[in-house]
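K.L.:
Below are the structure tokens for one structure; questions will follow.
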């Protein structure tokens, strides 16, 4: 079986394919035959060694994937061979708030998803909603879990509240979809009429073109009787505009778009934060419990993720190049055929 | 102007109409020309002096109503003449949890809504959603606020969670409507095929006929893979079945149907509560903040309350008799024409 | 090495000692050389097969213990040989609310602590506070974790709030100690002057003799200007008195004293619950996160648990008999010498 | 009776004393004969018109004060003549989160406390703890309420958690005192050995001299095994150091020291916030409910605020000058003799 491996900091040149024997599960582990994976901005940062966590040389990259359980080790009770599962990005973060002891993450310090067979702990996989294909399921572990965590960790939004989400990246699309399920009014920012149209199709109540007004928080105020949005999910910045868009006693969930030093996120005046009168919450993916919760919502509403394009497993480098070029709408999927 | 007044404990015989001068607002107060009121089970208990709070002899009964501000006192800033408003049942419970210092309630210790002109504090009224008539707005202050409080005080339900609500009383109908807005899957219990059909029209995903199986918690388990409902809103009992229906770490919101001693609510074995593994939360109406929140949801979704029947103001006794007979579906409204 | 094993339902007659080879840890597991264990009411129920969970025949009983890590399996990163650790009662309940998938419990379905060497998952052990002996550490896993969960799951009590705890069982003693750390005023019920004196030594602000007034909730009201206790931790009942003792919008944490059918807990009228105007929360031990939190508090305040009596490992049956006789004050400890 | 009045933007030159008739209470109002007031940094900003809220010309300045109720208007039930009370800074913010409709604040838009007789709503006063003098009670409304809100709005700190508070301003001193009541370990930053000694007397477990290391977050990490402080109460900045001091999933409560543009608070890189992995919560004073809660804690523990210096009512300008000079330790009090 084949796996991609990474020599971090060399970009695509650092990506190699190696052959391995099919793995055996240890106690508490499962072996998953991968059927689909997914790539995104985070993985580009990992390739560039521009990610805020250490990358183990030779690691299998990729933190999103879905497949079929083909073997289970001793003491495994949560899944069985044949089960369709998706992996959780932080295999030890099962529930509750993020804690340092659960920081191990797929695709950086521990082997990730760009492989034909993955060995995972039984706690580190969750069942796939029945109506989803493997490719659709592979779209969930990073962006959907992040969006769910961002929307719910400060308490689920109330029906009728206004949720503002920034841009049409994968986190923002899931935020839009989940916020509509929760009965929120959703405002999305974007930069093109074409994307605006697609956002409206997905349920956006209002779309703001942030290129028309760099101070687009004014538009948010205009659309909310001056109150602002009760929740802002900020996965692209600028954070200053998010803080100027949020309602008093509201919350900005901050999803670390700035991770790349090259993006040069603008610093924020503490006065802007004080003036917002809100809570600013850092969000970094989420737990197994978040994933199970969102799967329940996805199942109940037969929601489907937006997929941009599918690349075969042997064309992962091409998929990375496509991601780097930007401009897509939805997740970039890797298929094992 | 005319008001109904109550000599408690005498039933309808204790209800009289008196003539008064049109009232003047004091500092911080508003005068509302009532356009609609509402009656329900709670008001029958008050008439019978079978309510757990003391009733001031001669009080104006009724705790639900909507109308138009016709005069405002000194220092009033929240409303102005001409505003369409509904009254809050606890005029001093503005926000946060219920506290004893805010226990004054319309229609028991302080004058209520069965009057042509009511004097209320400016904090004790909230604006009416634009798309609602006065009659519809009068349906909200008691049952809708209770349902909203019951659904949200332990945190809003997550999209995809299961909400169980009991019966087709007004609190249950609003719970159904609000839970659907929040993306929940909703199970409702009822006792007739006709009501079941109407509940489904309102969005119920599942309807259980509790007469077919007095141990209907078994049906709830059957509909939820054995997990139970994440939230149970219990406004009719029996509480034991609610506790047997709730998921581990879920919540039963208990809305005091037992208020009438005549209903003879069955006692609950502490072991049943322990076995439920859940939180049991007492709900008694809600605050101004709850009312403002639900109005925002009602407005955003252009939701309309279910109205059963409308009686003119001079036929309040007939409305009471109609309530007492039972069997309706939706709120009983009093109209000032 | 020796272990006790249980044939449930036969009481002490069902308890046997067997010899085993020293165990090896699997992947993710540790072997702990037990240095101390503890017994209590819960273990008597297990012996009697009067516990609400199924008991695996032949299981090693006991859910509380502390010892030294002597071997670690593959992939273990949280502890190392030589570490002093205590076991968590629910080895898979790591954080967040209780969930069914984490229901496995030491000493009922999976082997427990009455052994010389235990094999545990690395997640299922926590470090012991430095200032505690193994015997003191063995006092914590059940009662202290339960008390901590009971006091904090609805939010930590505020300094100045009143906490009522019932009786001088182990959960109540820890509740008293933890509530004092949190700055609460603590009221304890008891039945003897001797125990009252010891409770006061531990910090109780008020002690109520529940034998003098079976309606002792009246005494609680008397001591709180009629308000009631903001938090009631009820590990002995009667629940009705707890509900009559709690402040409006307060919380009763209910710890399942009724588990023994023989105790005949009195049923509760739903009206009593409604009148309490509070939240009733079911508590069943707690998570690894609770244990880590309480260890931090125990460490910071150099708090020591109350130990009643210590029995050597070969006198476990005598320890059970001592527990059954009742009347102690503090934990009954098993020492490995 | 005499009141100070303010022509904002002119500093002390804008402060005048005027004579008035003794006021009468309107409906729902009380007249308080002021016995003590307090001044601080906030009032200097108001004088300089450097406060982020509009100042009504001619307003009575000062937002902290305590006195005796001498008259009550119609419908007043919460207090009676003779009661010792303190005023709440936001008279309409009774409970729950801050909302725009409750933004009216003493001493800026509505008349404040630097007067001999104040007219206040009955909701806008709270009883004074019995063991406190009027001067001590006047120290509470701004700084103590802020500290309480900052410590408890994200949930009370758990016993054993680490609280970091910055400097020896009034908010920080109350934070230290309240956090110790809650069983926290408290770290305080300061700049002088003399203040360090006083902070230790008040209970500080650790004191860091921020002048010795501008990157004093390193010292916080050093004192917490690298974890950081679970709660940071930041009333002086720099916010960047607070964010670098907080534990993952912890909270920084941000109290707006930057209010003066002249202080030039350093902007914060969003990456620093992301790296903190925490919640950042804006705190602006607090509600009536916060004040009642802290009074309960102050009463239970017979806690006393730290008073720096007392000025007579006719020497308010001198008190302002003293505040401006800085360097004090505790509240500056105005006494009516």
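Computed from the coordinates by the stated procedures, all read-outs in this text should not be read as laboratory data. Keep in mind that this is a model prediction, so the values were computed, not measured. When we count neighbours, we look across all protein chains shown, and the Cβ atoms used for this are built from the backbone with ideal geometry, even at glycine.
K.L.:
When chain B is modelled as a GNM with alpha-carbon springs shorter than 10 Å, which of B:133, B:217, B:77 fluctuates the most?
P.N.:
Top of the fluctuation ranking is B:77.
K.L.:
Under the rule a/c < 1.5 gives rounded, and otherwise a/b versus b/c splits prolate from oblate, where does chain D land using the Cα gyration tensor?
P.N.:
Taking the square roots of the gyration eigenvalues as a ≥ b ≥ c, chain D is prolate.
K.L.:
Could you give the angle, 0 to 90 degrees to the nearest 10, between helix D:316-325's Cα long axis and the longest principal axis of the Cα atoms of chain D?
P.N.:
Taking Cα atoms only, the helix is inclined about 10 degrees.
K.L.:
Going by how many other beta carbons lie within 10 Å of each one, how would you line up D:64, C:324, fewest first?
P.N.:
C:324, D:64
K.L.:
Shortest first and in nm with one decimal, please list how far the residue B:7 label point sits from its counterparts in the other copies (point 7 Å along Cα→Cβ).
P.N.:
Nearest first, the other copies' label points are 6.7, 7.8, 10.0 nm away.
K.L.:
Let me ask another. Students often check this: by mean Cβ neighbours within 10 Å, which of A:84-93, D:218-227 ranks highest, and how do the rest follow?
P.N.:
In decreasing order of mean packing, A:84-93, D:218-227 become A:84-93, D:218-227.
K.L.:
How high is the relative contact order of segment A:154-282, in percent, counting Cα pairs under 8 Å that sit 6 or more residues apart?
P.N.:
21
K.L.:
List the residue from chain D whose beta-carbon is nearest to the axis that rotates chain D onto chain C, together with that distance in whole Å.
P.N.:
So the closest residue, with its distance, comes out as D:156, 2.
K.L.:
How far, in nm to one decimal, is residue B:53 from itself in the other copies if the label point is set 7 angstrom along Cα toward Cβ? Shortest first, please.
P.N.:
Output for residue B:53: 3.1, 4.4, 5.3 nm, nearest copy listed first.
K.L.:
Further question on the same structure: Separation between the residue A:215 and residue B:130 pseudo-spin-labels, each 7 Å from Cα along Cα→Cβ, expressed in nm?
P.N.:
Modelled inter-label distance: 2.6 nm.
K.L.:
Relative contact order for chain B: what is it in percent, counting Cα pairs under 8 Å that are at least 6 residues apart?
P.N.:
19
K.L.:
Show me the ranking of peptides D:179-185, A:295-301 by mean Cβ neighbours inside 10 Å, starting with the highest.
P.N.:
D:179-185, A:295-301
K.L.:
Hey, got the average number of other protein chain Cβ atoms within 10 angstrom for residues in B:277-287? Can you show the working numbers first?
P.N.:
Values: counts 8, 4, 8, 9, 6, 12, 2, 3, 0, 0, 2.
Partner-chain Cβ atoms within 10 Å, mean over residues of B:277-287: 5.
K.L.:
Could you put A:101, C:74, A:122 in order, starting from the residue whose Cβ has the fewest other Cβ atoms within 10 Å?
P.N.:
C:74, A:101, A:122
K.L.:
For residue A:227 and residue A:315, what is the calculated FRET efficiency with R₀ set at 35 Å and r taken between the beta-carbons, to the nearest 0.05?
P.N.:
So, using R0 = 35 Å, E works out to roughly 0.15.
K.L.:
Restricting to Cα pairs below 8 Å that are 6+ residues apart, what does the relative contact order work out to for segment B:207-337? Please round to a whole percent.
P.N.:
It comes to 17 percent, rounded to a whole number.
K.L.:
Rounded to the nearest 500, what is the 222 nm mean residue ellipticity of chain B from helices alone, with -39500 (n - 2.57) per DSSP H run of 4+ residues and division by all residues?
P.N.:
-7000 deg cm²/dmol
K.L.:
Now for a different question. Taking the 0 to 90 degree range and rounding to the nearest ten, how far is the long axis of helix C:288-300 tilted relative to the main principal axis of chain C, both from C-alpha atoms?
P.N.:
80
K.L.:
Could I ask something else about it? So, R0 is 22 Å and r is the distance between the beta-carbons of residue C:2 and residue C:304; what FRET efficiency does that work out to, to 0.05?
P.N.:
Details: r = 29 Å, r/R0 = 1.33.
So the FRET efficiency works out to roughly 0.15.
K.L.:
Another question, then. To the nearest 10 degrees, how steeply does helix C:170-181 sit against the main Cα axis of chain C, on a 0 to 90 scale?
P.N.:
70
K.L.:
Please label the shape of segment B:86-222 as rounded, prolate or oblate, based on the square roots a ≥ b ≥ c of the eigenvalues of the alpha-carbon gyration tensor (a/c under 1.5 means rounded; beyond that, a/b larger than b/c means prolate, else oblate).
P.N.:
Prolate, since a/c reaches 1.5 and a/b exceeds b/c.
K.L.:
For segment B:89-164, take N as its residue count and report Rg(C-alpha) divided by 2.2 N^0.38 Å.
P.N.:
Cα-based Rg divided by the globular estimate yields 1.29.
K.L.:
What nm distances, shortest first, do you get from the label point of residue A:131 to those in the other copies when the point sits 7 angstrom along Cα to Cβ?
P.N.:
2.4, 5.8, 6.3
K.L.:
Moving on to the next point. Using alpha-carbon positions, what is the distance between the centroids of segment A:150-209 and segment C:282-301, in Å?
P.N.:
39
K.L.:
Here's a follow-up. In Å, the Kirkwood hydrodynamic radius of segment D:1-133 over pairs of distinct alpha carbons?
P.N.:
15.0
K.L.:
On to the next question. Give me the log10 of I(q) over I(0) for segment C:262-314 at q = 0.20, 0.30, 0.31 Å⁻¹, as the Debye formula computes it from C-alpha points; what are the numbers?
P.N.:
Computed log10 I(q)/I(0) values: -0.93, -1.15, -1.17.
K.L.:
A further question follows. What do you get for Rg/Rh over the protein assembly as shown if you use C-alpha atoms and the Kirkwood form of Rh?
P.N.:
0.96
K.L.:
Counting only other chains, and only Cβ atoms inside 10 Å, what mean value do you get across the residues of B:148-158? Walk me through the intermediate numbers first.
P.N.:
Numbers: counts 2, 0, 0, 2, 4, 1, 2, 5, 9, 3, 13.
Per residue, the number of nearby Cβ atoms from other chains is 4 on average.
K.L.:
Where in segment D:95-126 is the amide nitrogen less than 12 Å from a point lying 7 Å along the Cα-to-Cβ axis of residue D:17?
P.N.:
Counting only backbone N, you get D:115-116.
K.L.:
Please report, for the Cα atoms of segment A:154-282, the Rg to one decimal and the Dmax as a whole number; what are they, in angstrom?
P.N.:
13.4, 38
K.L.:
Is segment A:234-337 rounded, prolate or oblate when judged by the Cα gyration tensor, a ≥ b ≥ c being the square roots of its eigenvalues, rounded requiring a/c under 1.5 and prolate requiring a/b larger than b/c?
P.N.:
Cα axes put segment A:234-337 in the oblate bin.
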